[in-house]
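Notes for the one structure printed next.
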Amino acid sequence: MMQTVVQMRSTPHYVWSTADVLGQGATGSVFKGRHKKTGDLCAIKTFNQMSFMRPVDVQMREFEMVLKLKHRNIVKLLDIEEEPSTRQKVIVMEICTGGSLYTILDEPENAYGLHEEEFKLVMKDVAAGMNYLREKGIVHRDLKPGNIMRCIGEDSLSIYKLTDFGAARELDDEEQFMSLYGTEEYLHPDMYERAVLRRPMGKSFKATVDLWSIGVTFYHVATGSLPFRPYGGARRNKEVMFKITTEKPSGAISGIQHTEDGRLEWSRALPKTCLLSRGFKDLLTPLLAGILECDSMKMWTFEMFFEEVTKILNMDIIHIFNISTATSLRVYVNPTDTFANVQELVAVQTDIPAARQEMIFDSYHFAVSHTDPASTYPKTSPDNPIIVLDNVHTDFSRAEYRELPKLPRFGTSFSLDNDAPLAKVCASVVWDCQRSTAALLLQQNVMRKAVKWFICVMSRETEQLRTDTHLLGIKVTNSDLALRRLLDQHFLHGKMLALLCYGTSSSDVQRKQGELQQLVDGKRECMQKILDEYANCEKQMKWVEERILVEETLKELWKDKDTVGTQEKDRSVERTQYVLDKVVATFLQFKKDKSLKRLSYNEEQIHKFEKQKLSANCIKAVSAYADEFVPKFKHLYAEVARWFQKAFLYRQKLAKVVNLLDKVSTASDQMAGNLQQSVQKQHRIVDSILTSDVLQNQGPSQPPSDVTPPISAPPSVAPSEPMSHSEVVQLQASVRAVREEIKLSMAEAEESTKLLRQLGGFSLENGIHVEGVANG
Ligand SMILES: Nc1ncnc2c1ncn2[C@@H]1O[C@H](COP(=O)(O)OP(=O)(O)OP(=O)(O)O)[C@@H](O)[C@H]1O
């Protein structure tokens, strides 16, 4: 094996060791270097023979253009210097220690794409860098993951930067296309036709070519795979590649050929394996469809793209947990969205219509004003989300969890070339297993939390309803008292009027006395009905109260279930991580073995042992997930389902009480109103009798024995002596006085009824509707 000689090389201001290679490109190598005076780290690009295919002055023009660029998302070109010994030019750049996006995507961890937050950073930085180039009138023309570098910011978040401006000019000669060769998967179909298929064409390549490349790059970063895949790969099947990109239907974001000469399969959605949330996919997919559009009339403009990216990145995330499927969701909302908008978005992801969504957060109903913007909502997180359930029919028949990709077939043969990619696939599967194990634990923790929160909500609802029942009791008693007062008055008036009207045969007075009787007819029966229904309310209330508050049956039912499922203490994630570390170590070893091309006998034996261990470790991780973690998750889900079904049963009882209370309350209010009217009417009638001419002209007379009083009064109260005129006047005055007193007490009674009414209607907290029982 040839030993490479490590050398220290330098220019007037920079020094580097040839051992510190950052990467190698078609035109040269990039080393880690330092400024001689400041010691600052930098990247030094040296050139090989290939680079001389491009005239030096062309190269220098390119670098001079780049020297002027200054933006957070463009790799800064610091200097162009010459090595004194060789007189070769080197380029000094800001160093990006995180490597290129290409190397990041090549890691098994990212085989199914980057996770959402990292993807958003790529999106933000690439769009910002592109926007800057656009402002400077530069079209990059060679955007691809390999030309997007990663730095680590002071907050330890990634910063992505565009680099390699070698193609950032008009492509008018063969030589320039040479530099593009090798990046064809990302090329706009027009450029592909010219650069790869070598067909002459008169088109100039504007900013849209960059947009297309961004589309392919974003798809790659989101999924870990390229969007347009001819059978055998783009390099082998160039015509099919061109066909895919040019015949792609609008709206499709990928086209794959699964068999030789087979038909093309289009898709308008991102694959299931991708790690992005449903909420984010819903935003990203139309954007990808807009920029992966070869019809220039339909393709998005850069302004549209930039506006949409800005809009997406400014959105707030509301973390939602759909209890019926045990799914963690991310709902992307505009900061100005109202609650109705949020409910619509929740409906899209949960299939629960807005009117049936019950949201619980932090032990309370998620109660926000309907006009409050989403930006003012309390902060949610994956482990502290808003729990959403369907308050009419929560279906617990489908728990969602991630299915793992299949492990590759191992075989018995030994091959350095094949074993490294095999180990890479293995590592990517175990990575997925690790993430899925963590997701399962999170889902279970949230399910357990949901039960606790729901207990709090139901306890509060029960307490509220108990108070409501008590208040209704006061209201009903009040009405009953008012009725008694009316009846007492009626009796009193009857007695008094019997005295006053004794011997009067005026039909008018008799009619009025009849009207007085009508005012009280049937009221007692009606009141009795209200009292009976209220007693029923109390009985039902007691039933639920005993179960929810007194015996705390719901808590009791859950008590021993807290240990079901996977817990933090089971260390499921750590166990998977342990295996993952071993699998990744094997992958790195196999990668090294592959680069060595040949192994010694002992090294080969070790490699073989490692391969056996790799297989065992993969099976261990995958079976722990499939045979232990998933069944435990399902077990907990089943318990949660059972518990919620019981809770919903009590909830229905509560709703029934709410309904009953509402009925009794309405009837009692009606009765109170009716009584008040009756009292007023009673007063009017009595007044008119008292002031009637017949009574005014009535002189003292002996009561005829055959005249019965118009209103039944006990015989003992019939006057034995005829009344004098002054006695009549006196009696009239005392009737009026009694009436005034009663009026006053009726007004007081009405006041307290009003107060009770102001205490509001009866509803479960937040106006909940349960199983078709309306409340509130
Ligand atoms: N500024 C930098 N900081 C750290 N690493 C870098 C930097 N620039 C380049 N590299 C590394 O060096 C590798 C080669 O870079 P280079 O630009 O020479 O390759 P290339 O994209 O193939 O371009 P070309 O085809 O023009 O040579 C990159 O893939 C990257 O890993």
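Values quoted throughout were computed directly from the atomic coordinates according to the rules given, and no laboratory measurement underlies them. Only a predicted model underlies this, so the values are computations on that prediction, with no experimental measurement involved. Cβ sites come from the backbone with ideal geometry, for glycine too, and all protein chains shown count toward neighbours.
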Task: Of Lys243/Lys594; Lys32/Lys76; Lys424/Lys582, pairs whose Cα-Cα distance is over 24 Å - done: Lys243/Lys594
Open item on the list: Report the gain in length on full extension from Thr371 to Thr553: 0.36 nm times residue separation, minus Cα-Cα distance, nm rounded to one decimal.
Closed with: 61.7 nm
Open item on the list: Quick check: net charge around Leu441, other residues with Cβ under 9 Å of its Cβ, Lys/Arg +1 and Asp/Glu -1?
Closed with: -2
TODO: Compute the distance in nm between two label points, each set 7 Å from the Cα along the Cα-to-Cβ direction, one at Lys592 and one at Phe63.
DONE: 3.6 nm
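Ranking request for peptides 80-88, 67-75: highest mean number of other beta-carbon atoms within 10 Å first, then the rest in descending order.
So the peptides 80-88, 67-75, ranked by packing, come out 67-75, 80-88.
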Open item on the list: Which one, Ser17, Thr27, Leu41, projects farthest toward the positive side of the charge dipole computed for the range 8-93 from Cβ point charges (K/R +1, D/E -1)?
Closed with: Leu41
Task: Inter-label distance for Ala438 and Lys529, nm, one decimal - labels placed 7 Å from Cα along Cα-to-Cβ - done: 6.5 nm
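Pick out, in residue order, every one of the GluC sites (Glu not before Pro) in the range 537-627 that is DSSP loop and has at most 16 other C-beta atoms within 10 Å; say none if there are none. Could the numbers behind the result be given before it?
On the way: sites: Glu538, Glu545, Glu546, Glu551, Glu552, Glu556, Glu568, Glu574, Glu603, Glu604, Glu610; in loops: Glu551, Glu552.
Answer by residue number: Glu551, Glu552.
Please identify every one of the trypsin sites (Lys or Arg not before Pro) in the range 524-577 that sits in a loop by DSSP and has no more than 13 other beta carbons within 10 Å of its own beta carbon. If you can, show how the numbers build up before the last one.
Working: sites: Arg524, Lys529, Lys539, Lys542, Arg547, Lys555, Lys559, Lys561, Lys569, Arg571, Arg575; in loops: Arg571.
Sparse-neighbourhood loop trypsin sites (Lys or Arg not before Pro): Arg571.
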Task: Unsatisfied cross-links (Cα-Cα over 24 Å) in the set Lys475/Lys542; Lys449/Lys663; Lys124/Lys406; Lys523/Lys653; Lys161/Lys311 - done: Lys449/Lys663; Lys124/Lys406; Lys523/Lys653
TODO: Could you compute the FRET efficiency for Lys634 and Arg236, with r as their C-beta to C-beta distance and R0 at 25 Å, rounded to 0.05?
DONE: 0.05
TODO: Would you please give the FRET efficiency between Lys70 and Gln24, computed as 1/(1 + (r/R0)^6) with r the Cβ-Cβ distance and R0 = 22 Å, to the nearest 0.05?
DONE: 0.20
- [ ] Enumerate the aspartates and glutamates that Lys656 could reach by cross-link, defined here as Cα to Cα under 19 Å, with residues fewer than 8 away along the same chain left out.
- [x] Glu358, Asp390, Glu461, Glu463, Asp468, Asp532, Glu533, Glu538, Glu545, Glu546, Glu765, Glu771
Task: For the range 315-390, diffusion coefficient by Stokes-Einstein and Kirkwood Rh (Cα), 4 °C, 1.567 mPa s, µm²/s - done: 107 µm²/s
- [ ] Place a +1 charge on the Cβ of each Lys and Arg in the range 199-352 and a -1 charge on the Cβ of each Asp and Glu, then give the dipole magnitude about the Cα centre in debye, rounded to the nearest 20.
- [x] 660 debye
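For Thr103 and Ala733, compute 0.36 nm times the residue count separating them, minus their Cα-Cα distance, and round to one decimal in nm.
216.3 nm
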Task: Additional length obtainable on full extension of the chain from Tyr601 to Lys311, 0.36 nm per residue less Cα span - done: 98.5 nm
Open item on the list: Please report the equivalent ellipsoid semi-axes of the range 8-93, computed as sqrt(5 x eigenvalue) of the Cα gyration tensor, largest first, in whole Å.
Closed with: 19, 17, 13
Task: Shape call, the range 247-360: gyration tensor on alpha carbons, a/c limit 1.5 - done: oblate
TODO: Report P(r) for the range 208-305: all Cα-Cα distances, bin width 5 Å, range 0 to the bin holding the largest distance, values in whole percent.
DONE: 3, 14, 24, 26, 19, 11, 3, 0
Open item on the list: Please compute the modelled spin-label separation between Gln677 and Asp562, points set 7 Å along Cα→Cβ, answer in nm with one decimal.
Closed with: 5.7 nm
TODO: Round to the nearest 0.05 the FRET efficiency obtained for Ala626 and His258 when R0 = 30 Å and r is the Cβ-Cβ distance.
DONE: 0.65
